[in-house]
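The values are calculated or read from the model by the stated rules, or taken from the named source; none is laboratory data. The model shown is predicted, which means the values in this text are computed figures rather than measured ones. Cβ placement follows ideal geometry from the backbone for every residue including glycine, while neighbour counts extend to all protein chains displayed.
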Ligand code: ATP
Ligand code: MG
């Protein structure tokens, strides 16, 4: 049997309820903040990611899926969303004449990594990109929005880690002093770290290797290499976060894995996910559009990994599907044609229904209605058909009513009221 590709998973109906819950919650919060959704293609030119994320990063060096199409184009499956959106901003001139853009997206990303809990080869990110402002207020608001969404989704024990990696010049200066420092320990370093000294120096800072962390304990500090402007920006971001009542911790070793960041970088972690503990990562990227051949446009954003978020959310809440309002059961199969008259009325009122066309006995159909936890079973038996009527049976109270189709239409407002009441208490339940 053919199976799905390693690290790429089907999302089945039982799980999709949680995806819809996440999408709807994020949509509400981001729409409130006047963000608009954007959808870009999954396939882009390879060069887009080489020029933005950087050739010496893990993503481009080891993880990216590349392909050559029949026209010999060098393409890649997108490993993240930010580069594609920067391309779209430039291509469609969305930020010309100093316009700002507040955009959000949710979609699949691809990275060739070792699959494990919270790490797939096709995974999904929800992200925002805010273009057009250099103000530290924006940094704080963007971080606030990530926190709002995670908090609203009941994610437990969240911790925001914050750092500033300064501007390009400051970072280059820091990289030089870090390199110099690490040269003193060169005989103590593993080959992978030695390779990073020249290709991706900053990334050594967030190494999980304890031996490396020991060596780094006396290393020069990034913060000491920031000059007045970057320092002020970073302090302002912290002040605005405090004004928004957002708690954070400073982590001077947080650098993030992509080349395009400058100044503010942050991650949101949780203690509930084991090794894959980062749910959200983001920061400022004021030079990304310039790196892609356009003007530099100030920007800030983040990405949340949906699969990791799901692991958290599914532990906290149970989301049920909406209830079936009408289960339509017929005594003889040919009565189904009569039932069809009801569908336009039901659809007009968006009341969820199931029309039983199994041809099984009426008793069996009513058992199924109970099993599916429908609110009302509509029964079309020989008597009903003879009198051009229908019978409604409320399955919880066993109350029963026989009426004409016009009578049914008159009952609809009352039914909607009952239905909404039942619905609101059932869809989302907190697990204690
Ligand atoms: P990690 O250090 O865990 O590999 P990252 O720094 O590569 O993460 P980003 O590029 O910042 O991750 O992506 C943002 C978020 O997307 C991550 O915090 C994580 O939640 C999620 N994510 C990244 N890679 C994967 C993956 N392979 N599978 C599932 N989720 C992922
Ligand atoms: Mg990674």
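Please verify whether residue 59 is more than 16 Å from ligand 1 (Cβ to nearest atom), closer than 30 Å to residue 148 by Cα, surrounded by 11 or more Cβ atoms within 10 Å (Cβ to Cβ) and within 24 Å of the chain's Cα centre (by Cα), treating the condition exactly as stated. For residue 59, the condition - more than 16 Å from ligand 1 (Cβ to nearest atom), closer than 30 Å to residue 148 by Cα, surrounded by 11 or more Cβ atoms within 10 Å (Cβ to Cβ) and within 24 Å of the chain's Cα centre (by Cα) - is not met.
Just checking, does the range 41-56 include any residue being in contact with a helix residue (DSSP H, G or I) (Cβ under 6 Å, 6 or more places away or on another chain), outside any loop (DSSP other than H, G, I, E, B), modelled with pLDDT of 95 or more and within 16 Å of ligand 2 (Cβ to nearest atom)? For the range 41-56, residues in contact with a helix residue (DSSP H, G or I) (Cβ under 6 Å, 6 or more places away or on another chain), outside any loop (DSSP other than H, G, I, E, B), modelled with pLDDT of 95 or more and within 16 Å of ligand 2 (Cβ to nearest atom): present. Test residue 255 against the criterion of being closer than 30 Å to residue 106 by Cβ, away from ligand 1 (no atom under 16 Å from the Cβ) and surrounded by 19 or more Cβ atoms within 10 Å (Cβ to Cβ), and give yes or no. So residue 255 fails the test.
Within the option set 81, 98, being in the same structural domain as residue 18 (by TED's automatic domain parsing) and within 14 Å of ligand 1 (Cβ to nearest atom) holds for one residue only, 81.
Of the helices (runs of 4 or more DSSP H) entirely within the range 105-206, those holding at least 2 residues that are surrounded by 14 or more Cβ atoms within 10 Å (Cβ to Cβ) and in contact (Cβ under 8 Å) with a residue 60 or more places away in the chain occupy 136-152, 168-183.
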